[in-house]
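Note sheet for the following structure.
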Amino acid sequence: MPTQLTLLGTKGGPAIRPGGPMPTSSLLEIAGRRIVVDCGLGVTRSLVATGMSLKELDTICITHLHSDHVLELGALIHTAWTTGTTRPIHVYGPVGIDEYWQGFMQAMAFDCGIRVIDEGRIPIGDLVHIHTYSEGLVFATPELRVSALRVVHPPVDECYGLRFDADVSVTFSADTRYFPPLIDFARGSDILVHEAMLIAGLDALVAKTGGGDKLRNHLLASHTTAEQVASVARDAEVGHLVLHHLVPADDPNFSAHDWEQAVRPIWQGVLSVGHDGLCITMP
Ligand SMILES: [Zn+2]
Ligand SMILES: [Zn+2]
């Protein structure tokens, strides 16, 4: 299995619009494992579109409990279950992830129960292992180490950047405002997948979505501008910067060219502006 990163959904925020990208999720194939990072709406269909059988799903990491990162977690696991998987599925998430899963099973109790009685399936709860992590080591195997850094994404306290170290290193910023400790955390990564916001696009986004100053203030306090992302990549000396969780993501007035223009004066290294389906294979 080649080491590969596929961005399944690249939009920041939970709303979707005709022709636009989907909320945040990624597939990281590393150290012989397939790891799903975040489960925004659309993750199930996008995973299958990569050619992956849902019977192979066994590791999911959630950075925080905003819906654009977790809304489809339950539906993904449920669909893997009805696809016939018998493989244990390990879910790593911050405090609250267990309540999410218990709540999902409660909401789907009728279906989850009837399929055991009627179709001979194993109880869905028997497949799923929920692991609550905080800053530090998330899990490790002889081939792979996954670690977490608490980032700053108010008002969410429990939000974590994730670093995957194997024969290559890949760091995800998660949702965060500019946060200098992320530079050390990401240092030397082959790939840095960083959320990004284009300041020039905020007015139109706020007008379209509603929420006025509250939404604008949230975006400015909780996310990182493209220019700031560029400086993190430069200072962390990463190999490849991937812009992800784009805000705005579906405004026809802004294209990849605008993101590049914001980043290029500060970061001259390898750059990818994320789009749904972007696949990066590492040597
Ligand atoms: Zn988000
Ligand atoms: Zn968020």
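Coordinate range of the alpha-carbon atoms in region 1-127 per principal axis, descending: 39, 33, 31 Å. Working note: Cα gyration tensor of region 145-274, eigenvalues times five, square-rooted, sorted largest first, giving semi-axes of 25, 18, 11 Å. For residue 44, the solvent-accessible surface computed with a 1.4 Å probe is close to 20 Å², ligands and nucleic acids excluded. With the whole protein complex present, residue 259 retains an accessible surface near 10 Å², based on a 1.4 Å probe. Once a ≥ b ≥ c are taken as the square roots of the eigenvalues of the Cα gyration tensor of region 49-93, is the result rounded (a/c under 1.5), prolate (a/b larger than b/c) or oblate (a/b not larger than b/c)? Taking the square roots of the gyration eigenvalues as a ≥ b ≥ c, region 49-93 is prolate. Taking all protein chains together and rolling a 1.4 Å probe, residue 99 ends up with roughly 130 Å² accessible. Quick note on the chain: its Rg to Rh ratio, both from C-alpha atoms and Rh being the Kirkwood radius, is 0.96. Taken about its Cα centre, the chain carries a charge dipole of about 200 debye when Lys and Arg each add +1 at the Cβ and Asp and Glu each add -1 at the Cβ. Farthest toward the positive end of the dipole of the chain, out of 129, 4, 192, is the Cα of 4, where the dipole comes from beta carbon charges about the Cα centre. Dividing the summed helix terms, -39500 (n - 2.57) for each DSSP H run of n ≥ 4, by the number of residues in the chain produces a 222 nm estimate of -9000 deg cm²/dmol to the nearest 500.
The values are calculated or read from the model by the stated rules, or taken from the named source; none is laboratory data. What you see is a predicted model, and the numbers here were worked out from it, not measured in a lab. When we count neighbours, we look across all protein chains shown, and the Cβ atoms used for this are built from the backbone with ideal geometry, even at glycine. These area figures cover heavy atoms from the full protein model, side chains too; ligands, DNA and RNA do not enter into them. Shrake-Rupley method; radii C 1.70, N 1.55, O 1.52, S 1.80 Å.
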